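Undergrad: The structure that follows is given in the form of structure tokens.
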Amino acid sequence: MKEHIGFGEVERSMRGPFYSAGMRLFIAFYRERYYVLEDSCKHRSGPLSLGTIDMEKGTITCPWHELKSCVKSLVKSAIPSIRMGERIEFKVTKGTNGASLS
């Protein structure tokens with residue numbers, strides 16, 4: 001069972017980072033959709049919000065060590081969100097095994 005631990009809303013134009021429920025997050029626009037993602041590279045927790053998205057290759061490059069992450073795999077763990085006009089609303093939950101992005 002998942003417990004709701006926080007929710008928020010941000011302007012669609014705000015890329016990030018921003019904070020909710022103790023997590024650093026950012027907005028990524030990929031394949032005509034907006035996603036709320038954790039702003040942390042898997043390598044050394046670099047700020048992906050400052051990275052570069054390559055739409056053609058489907059990657060985001062971390063600005064710290066230039067590690068490329070597959071955007072497709074990142075959006076699989078995106079925080080549930082919905083676009084409401086110019087705002088994006090999202091919900092952060094906590095599962096029985098710890099913090100979760102979905």
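Undergrad: Treat each spin label as a single point 7 Å out from the Cα along the C-beta direction, and report the Thr52 to Lys76 distance in nm.
TA: That separation, rounded to one decimal, is 2.6 nm.
Undergrad: Further question on the same structure: Rounded to the nearest 0.05, what FRET efficiency do Glu66 and Ala21 have when you use their Cβ-Cβ distance and R0 = 25 Å?
TA: Rounded to the nearest 0.05, the efficiency is 0.25.
Undergrad: I want the local charge near Ser49. Using Cβ-Cβ distances under 14 Å, sum +1 for each Lys or Arg and -1 for each Asp or Glu among the other residues.
TA: In short, 0.
Undergrad: For Lys91, list the lysines whose Cα falls under 18 Å from its own Cα; do not include residues on the same chain fewer than 8 positions away.
TA: Once the sequence-local lysines are set aside, what remains near Lys91 is Lys2, Lys76.
Every number in this text was worked out from the coordinates using simple rules, so none of it is lab data. Here the structure is a predicted model, which means the values were calculated and not measured. Positions of Cβ are generated from backbone atoms using ideal geometry, with glycine treated the same way; all protein chains shown enter the neighbour counts.
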